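Below you'll find the structure, written out as structure tokens, and then a few comments.
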Amino acid sequence: MIKIHHLNNSRSHRVLWLLEELNAEYEIIKYQRDKFTNLAPKELKDIHSLGKSPVLEHNGKMIIESAAIVTYIIDQCASENFAPIITDSDYYQYLELMHYAEGSAIMPFLLQLYARFLGDNSKTLQPRITSEIQNHLGFLSTVLGKNEYFYRNKFSGVDIMLSFVLEAGKMSGVLQSFSNLNDLLAKYQDRDAYKKAIELGGKYSLGK
Ligand SMILES: N[C@@H](CCC(=O)N[C@@H](CS)C(=O)NCC(=O)O)C(=O)O
């Protein structure tokens, strides 16, 4: 059975969400963030040397990185038409959006988070952080346009991956100016599987 090494209040929520969307059978192994540092406990390093979550364990394999985990789960648990296949003409558009979430889009939000520790010393960085956040959310807003979902106008792994970027945007108070993205996040959060993942994985304050 698939096991998910899940850190509370983290990106790992979206992996549980996907598993719930697919009605998959899986086990959650829970880890709690340190209440002072907010970092993962050292037990996660016993699972994978990076000490980050999510980690998927299955048939002797340990897989890190949300996009790889999402792809693996879809390959193992989803019905045939849930994801495109390599010969589809728009396959690489799917791949691009799937990896764009962690590869580029989340970066300025992480910089914003870490810049807080620098206090006034982060002042020179702020304009670039702000403009990059606008740049990435602007791009996503254009990709979505008037569609209901990012890819083929149908719920997919891309939505699972990009949800974290929208949640980060909401937390930063900037998502509201991109009404199509803001509405889409509300729609994600209203899905039964999204709520069930919170019930199982514990409180999830991102995106509220
Ligand atoms: N790009 C990785 C990021 C993994 C990551 O940084 N996870 C965070 C949780 S959101 C973590 O484990 N942080 C705990 C720590 O760094 O101590 C992915 O998408 O899986």
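General observations
- Some residue of the stretch 179-192 being closer than 23 Å to ASP75 by Cα and in a helix (DSSP H, G or I): yes
- Of the residues making up the stretch 162-177, those that are out of contact with any Phe, Trp or Tyr (no Cβ under 8 Å at 6 or more places or on another chain) and within 17 Å of VAL70 (Cβ to Cβ) are PHE164, GLU167.
- Verdict on SER104 being at pLDDT 95 or above and farther than 29 Å from GLU25 by Cα: yes
- Identification of helices (runs of 4 or more DSSP H) wholly contained in the stretch 1-108 with 2 or more residues that are over 19 Å from TYR204 (Cα atoms) yields 43-47, 66-77, 91-100.
- Within the stretch 57-73, the set of residues being near the ligand (Cβ under 10 Å from one of its atoms) and within 14 Å of LEU18 (Cα to Cα) comprises SER66, ALA67, ALA68, ILE69, VAL70.
- Qualifying residues in the stretch 83-127 (those that are buried (at least 16 other Cβ atoms within 10 Å of the Cβ) and away from the ligand (no atom under 16 Å from the Cβ)) - the one farthest from SER172 (Cα to Cα): PRO84
- Test result for TYR26, aromatic (Phe, Trp, Tyr), touching a residue at least 24 places away in the same chain (Cβ under 8 Å), over 18 Å from TYR94 (Cβ atoms) and within 11 Å of the ligand (Cβ to nearest atom): no
- Cβ-Cβ under 9 Å pairs, at least 6 apart or on other chains, the stretch 65-78 side under 14 Å from LEU95 (Cα atoms) and modelled with pLDDT of 95 or more, far side near the ligand (Cβ under 9 Å from one of its atoms) and not in a helix (DSSP H, G or I): SER66/ARG11; SER66/PRO54; ILE69/PRO54; ILE69/VAL55
- Looking across the stretch 50-81 at every residue that is more than 14 Å from ILE2 (Cα to Cα) and among the hydroxyl-bearing types (Ser, Thr, Tyr), the one that is surrounded by the fewest Cβ atoms within 10 Å (Cβ to Cβ) is identified as SER79.
- Of the candidates SER79, SER12, the single residue that is among the hydroxyl-bearing types (Ser, Thr, Tyr) and either on the phi > 0 side of the Ramachandran plot or near the ligand (Cβ under 9 Å from one of its atoms) (or both) is SER12.
- Residues in the stretch 31-47 that are more than 10 Å from the ligand (Cβ to nearest atom) and within 24 Å of LEU113 (Cα to Cα): GLN32, LYS35, PHE36.
- Residue list for the stretch 180-208, filter: modelled with pLDDT of 95 or more and of a type in the set (A, V, I, L, M, F, W, C): LEU181, LEU184, LEU185, ALA186, ALA193, ALA197, ILE198, LEU200
The values are calculated or read from the model by the stated rules, or taken from the named source; none is laboratory data. Everything quoted here is computed from the prediction, not taken from an experiment. Glycine gets a Cβ as well: all are built from the backbone with ideal geometry, and neighbour counts include every protein chain shown.
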